[in-house]
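Enquirer: My questions will all concern the structure given below.
The values are calculated or read from the model by the stated rules, or taken from the named source; none is laboratory data. What you see is a predicted model, and the numbers here were worked out from it, not measured in a lab. Positions of Cβ are generated from backbone atoms using ideal geometry, with glycine treated the same way; all protein chains shown enter the neighbour counts.
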Amino acid sequence: MTTPCIICVAITGSLPTKANNPAVPITVDEQVESTHEAFEAGATIVHAHVRNDDQTPSSDPERFAALKEGIERHFPGMIIQFSTGGRSGAGRTRGAMLPLRPDMASLSVGSNNFPTRVYENPPDLVDWLAGEMLAHGVKPEIEAFDLSHILKARDMADKGQLAGTPYIQFVMGVRNAMPVDRDVFDYYIHTVKRLFGPETPWCAAGIGAHQLTLNEWAIGAGGHARTGLEDNVRLDRDRLAPGNAALVRRAVDICERHARPVASWQDARRILGLRLPDDCAQGHVA
Ligand SMILES: [Zn+2]
C-alpha cells in the first residue's frame, strides 16, 4: 500500500471548549497557530469552524476570511476546508463563507440524528449549498453519516451538482447516528469504489475514542484519515491531547506502521484534483 495518506486536522469544531481541553483553539490567532503546528506535524487539510469570543459557534464570514488569510500567509499550500455543518447556524448562513473560495467545504447531503437532536439537511438547502460550491469553485467533501449519503452523492454527481469526483468521508461513532462497525465500514468502501471507480480517494473520521479506531481502519485500508480536537480531545483515557499536532503525530505513527507515506500538500492537491496555490492567487480554478 503506497498511496500517500492525506491527514486532515479538524482543529476546533462547534462543540469542544477550553473547559474540555485548554488546547482547543478558539480565536483566529489560536487557530492559525494550532493549524501551523498540525501542518508541521503532517496534516495537509485543515477542516475549520469559527467561534465567537465567548466560544459559541459562529458562521461569520469575516472570521472565516481572517482565518483563511492567516493560513495562506503563513503556510500556503495547505488545503483549507470550511465547515458548512449545522451547529453554527441555520439555513443559508451555513454557506455564507463560500464566496471566500476556500479549496474545499464540507457538505452533508442528508439528515440524521445527532446525540440530542436531528441534524437537519433538507433537500433544498443541500442543493443550494452544492450550487454555491460549484459557483465558487469549492470542492465538496461529502460527509457520509449514512450509506444513503454515498448514493445521494452519486445522484448529485450525475445531475451535475458536484464538480468532478466527490471526496467522501465516512463519519462513524456519533451517538444516534452510524456506530463504529467494521462490516459497514467495508461496505462503504465497496460502495464508493463501485459507484465512483476503484481509485477514488475516500477518508474516514471517528468521534471520541473511536478516532483512533477509524484512523487505523482507514490508513490500513488505503484511505485517508481525519484527526483533531473537533472529534476527540483526548490522547487516551487518562490524558488530554496537548494540541492538534499531537493527534496528527498519532496518525503519522499509524501511517508508518502501515508503510503509508504521509502526503505532502502537493501530493494531497494532486490526489484531490485541487488547484495549486499559484493558480489560486491568479484566480484560476481547476
Ligand atoms: Zn466540522
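Enquirer: With the condition being surrounded by fewer than 22 Cβ atoms within 10 Å (Cβ to Cβ) and without any contact (Cβ under 8 Å) to a residue 12 or more places away in the chain, I'd like the helices (runs of 4 or more DSSP H) fully within the stretch 178-258 carrying at least 1 qualifying residues. So that I can check it myself, show each step before the final result.
Expert: Working: elements: 182-196, 210-220, 244-257.
Ranges flagged: 182-196, 244-257.
Enquirer: Please state which of the following conditions Gly86 fails to meet, knowing it meets all the rest: (1) within 22 Å of Cys203 (Cα to Cα); (2) in contact with a helix residue (DSSP H, G or I) (Cβ under 9 Å, 6 or more places away or on another chain); (3) modelled with pLDDT of 95 or more.
Expert: (3)
Enquirer: Here's another thing I want to ask about it. Could you tell me which numbered condition Ala135 fails, if it satisfies all but one of (1) assigned to a loop (DSSP other than H, G, I, E, B); (2) hydrophobic (A, V, I, L, M, F, W, C); (3) surrounded by fewer than 16 Cβ atoms within 10 Å (Cβ to Cβ)?
Expert: (1)
Enquirer: Of everything in the stretch 1-23, what is within 13 Å of the ligand (Cβ to nearest atom) and hydrophobic (A, V, I, L, M, F, W, C)? Give them in sequence order.
Expert: Residues of the stretch 1-23 within 13 Å of the ligand (Cβ to nearest atom): 8-16.
Those that are within 13 Å of the ligand (Cβ to nearest atom) and hydrophobic (A, V, I, L, M, F, W, C): Cys8, Val9, Ala10, Ile11, Leu15.
Enquirer: For the stretch 44-92, name all the residues that are touching a Leu at 6+ places or on another chain (Cβ under 7 Å) and either without any contact (Cβ under 8 Å) to a residue 24 or more places away in the chain or of a type in the set (S, T, N, Q) (or both).
Expert: Of everything in the stretch 44-92, just one residue is touching a Leu at 6+ places or on another chain (Cβ under 7 Å) and either without any contact (Cβ under 8 Å) to a residue 24 or more places away in the chain or of a type in the set (S, T, N, Q) (or both), namely Thr84.
Enquirer: Continuing with the same structure: Condition first: buried (at least 18 other Cβ atoms within 10 Å of the Cβ) and touching a Gly at 6+ places or on another chain (Cβ under 6 Å). Now tell me which residues in the stretch 153-177 satisfy that.
Expert: Within the stretch 153-177, Met172, Gly173 qualify.
Enquirer: Might you let me know whether the stretch 57-70 holds any residue that is buried (at least 23 other Cβ atoms within 10 Å of the Cβ), touching a strand residue (DSSP E or B) at 6+ places or on another chain (Cβ under 7 Å) and within 19 Å of Ile11 (Cα to Cα)?
Expert: Within the stretch 57-70, the subset buried (at least 23 other Cβ atoms within 10 Å of the Cβ) is 59, 64, 67.
Now narrow it down to the ones that are touching a strand residue (DSSP E or B) at 6+ places or on another chain (Cβ under 7 Å): 64, 67.
Filter once more, so that each one left must be within 19 Å of Ile11 (Cα to Cα): 64, 67.
Taking every residue of the stretch 57-70 in turn, at least one turns out to be buried (at least 23 other Cβ atoms within 10 Å of the Cβ), touching a strand residue (DSSP E or B) at 6+ places or on another chain (Cβ under 7 Å) and within 19 Å of Ile11 (Cα to Cα).
Enquirer: For Pro166, only one of the following conditions fails: (1) closer than 22 Å to Ile79 by Cα; (2) of a type outside the set (Phe, Trp, Tyr); (3) at pLDDT 95 or above. What is its number?
Expert: Against the list (1) closer than 22 Å to Ile79 by Cα; (2) of a type outside the set (Phe, Trp, Tyr); (3) at pLDDT 95 or above, Pro166 comes up short only on (3).
Enquirer: Of everything in the stretch 24-33 that's away from the ligand (no atom under 16 Å from the Cβ) and among the hydrophobic types (A, V, I, L, M, F, W, C), which residue is farthest from Arg239 (Cα to Cα)?
Expert: Step one: of the stretch 24-33, the residues away from the ligand (no atom under 16 Å from the Cβ) are 27-30, 32-33.
Checking which are among the hydrophobic types (A, V, I, L, M, F, W, C) leaves us with 28, 32.
Details: Val28: 26, Val32: 24 Å.
Here the answer is Val28.
Enquirer: To continue, here is another question. Given (1) touching a helix residue (DSSP H, G or I) at 6+ places or on another chain (Cβ under 6 Å); (2) within 16 Å of the ligand (Cβ to nearest atom), where does Glu230 come up short, assuming only one miss?
Expert: (1)
Enquirer: A further question on this structure: Condition first: crowded, with 24+ Cβ neighbours inside 10 Å and over 16 Å from the mean Cα position of the chain (by Cα). Can you find one or more residues in the stretch 9-24 that meet it? Before the answer, list the steps.
Expert: Taking the stretch 9-24 as the starting set, the residues that turn out to be crowded, with 24+ Cβ neighbours inside 10 Å are 9-12, 24.
Checking which are over 16 Å from the mean Cα position of the chain (by Cα) leaves us with 24.
Yes - at least one qualifying residue is present in the stretch 9-24.
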